[in-house]
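The values are calculated or read from the model by the stated rules, or taken from the named source; none is laboratory data. No experiment lies behind these values; they were computed from the predicted model shown. Ideal geometry is used to build each Cβ from the backbone, glycine not excepted, and the neighbour counts take in all protein chains shown.
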Ligand SMILES: Cc1cc2nc3c(=O)[nH]c(=O)nc-3n(C[C@H](O)[C@H](O)[C@H](O)COP(=O)(O)OP(=O)(O)OC[C@H]3O[C@@H](n4cnc5c(N)ncnc54)[C@H](O)[C@@H]3O)c2cc1C
Ligand code: FES
């Protein structure tokens, strides 16, 4: 039986970052993943690290802090994960969208972030292949991209080279607690691992792991689809998304888009980004379909349709691959990054929905701060597990 | 060493991935066709692995000696052949 200071369960972006930051603090760390590293949602997603898709306040604050942390990690880890600050361009189709966008940008600028409204001429100067009838948009300069599974591999290869224990193809089947409900370790299909701290980084599967420690977690899988183009000349040079994306992500924003039934039914909003390999990733949509990650033809068609609406040149380009993943969705749109009060030593870092790649660096850093008893970079009371409980009882979904 | 003198041989032509790079991916934990694909891009090209997948399977088997079921095939992802975005859209979006 091996004993560690901390066991991180889950080899996605959140788990590898948590393990890396704990390891950097000098702890004996074991990272346990039931399949291969990055086999979960972290290899079935886009690649952007954004602030411009976050709500003003802690959501954006975390996103910004994460981007700054990524810039340091690039220097610390000798493996490339294609991190680049490219910026983000939003485009609007209608006046109500422009008004909503202007309100959003004003809030973010007041909090000190670099964003600016653009007119048709400005957006076409940035992206000449955009449809000519769009009425404007906005630009956010701090936003970045990276390759999520390369990030996982980079952190794991680096840790392994420094002597950290990586248990891939090892399924966690139980959590060991003592009589005071303090964490003692985990049970796996390959034996027992002991540690006083266990961190649940199970993404959309985190509720199963939480149940092993007697905790309820209301995370649900929220499906999304991506289309990959053939290698082609650069039709866009940064992340571009339609403002309607905000509406597909957050339920609270009210304006109606002029879209086909197919696009409305599949909850599609155009997002496109160039990759390092000269392909494009075109998305995206959000749907609740359980853990099914088949790529349905109707959703593929709707994404293609919406893509062509904003980039008419796509019509002639080829799609070579479509894939789907499940985002770990939290009903209040904030992840849980917290110790569980009545199970000392049991931590949860999960529920990042469509922002897990973005937030992974800062989440990993703050988990290491929580576990080692240091103050976190900023106040994260809003991310506490206890917010889900009322009067000591957990809320059932 | 002699054993690795053929590390420069090109295995995936679409993405220009060599035997040496695939061996390195296996050293770094790849155990399946998908694991090799994500670490090297072998199989992510225009032909989507039609040319290189069998070779990747053979290399995995040679390096690890595991059974075909464990190595797997890469997940078949639609569309099976490249297809233009325009032709997908059909009626609601314009000409086929
Ligand atoms: C289509 C799509 C596009 C997206 N685009 C973006 C984007 O552009 N930017 C962004 O920031 N986010 C994006 N996201 C969201 C992002 O992908 C996720 O938030 C993130 O990958 C979640 O990471 P994770 O580490 O929490 O979960 P995962 O990557 O799913 O990792 C969890 C891991 O835990 C393992 N596990 C589960 N149970 C056990 C067990 N019992 N024992 C051992 N291991 C176990 C799983 O095998 C898995 O590998 C997108 C998501 C989708 C679906
Ligand atoms: S030869 Fe490997 S993808 Fe075509």
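Taking the residues in the stretch A:295-310 that are surrounded by fewer than 22 Cβ atoms within 10 Å (Cβ to Cβ) and more than 7 Å from every other protein chain (Cβ to nearest Cβ) as candidates, determine which candidate is farthest from residue B:48 (Cα to Cα). Checked the stretch A:295-310; the qualifying residue farthest from residue B:48 (Cα to Cα) is A:309. Flag not set for residue A:282, criterion: surrounded by 22 or more Cβ atoms within 10 Å (Cβ to Cβ), touching a residue at least 60 places away in the same chain (Cβ under 8 Å) and within 12 Å of chain B (Cβ to nearest Cβ). The numbered conditions (1) closer than 30 Å to residue B:32 by Cα; (2) assigned to a helix (DSSP H, G or I); (3) within 11 Å of ligand 1 (Cβ to nearest atom) are all true for residue A:63 except (1).
Of all residues in the stretch B:38-85, those satisfying the criterion of being under 22 Å from residue A:277 (Cβ atoms), more than 10 Å from every other protein chain (Cβ to nearest Cβ) and not in a loop (DSSP other than H, G, I, E, B) are B:40, B:53, B:55, B:56, B:59.
None of A:193, A:209, A:155, A:146 is within 14 Å of chain B (Cβ to nearest Cβ), under 23 Å from residue A:349 (Cβ atoms), more than 16 Å from ligand 2 (Cβ to nearest atom) and touching a residue at least 60 places away in the same chain (Cβ under 8 Å) except A:155.
Checked across the stretch A:226-236, the condition of being away from chain B (no Cβ under 14 Å), surrounded by fewer than 19 Cβ atoms within 10 Å (Cβ to Cβ), farther than 28 Å from residue A:51 by Cβ and modelled with pLDDT under 90 holds for at least one residue.
Checked against the criterion of being away from ligand 2 (no atom under 16 Å from the Cβ), closer than 19 Å to residue A:45 by Cα and not in a helix (DSSP H, G or I), the candidates A:325, A:307 yield just one match: A:325.
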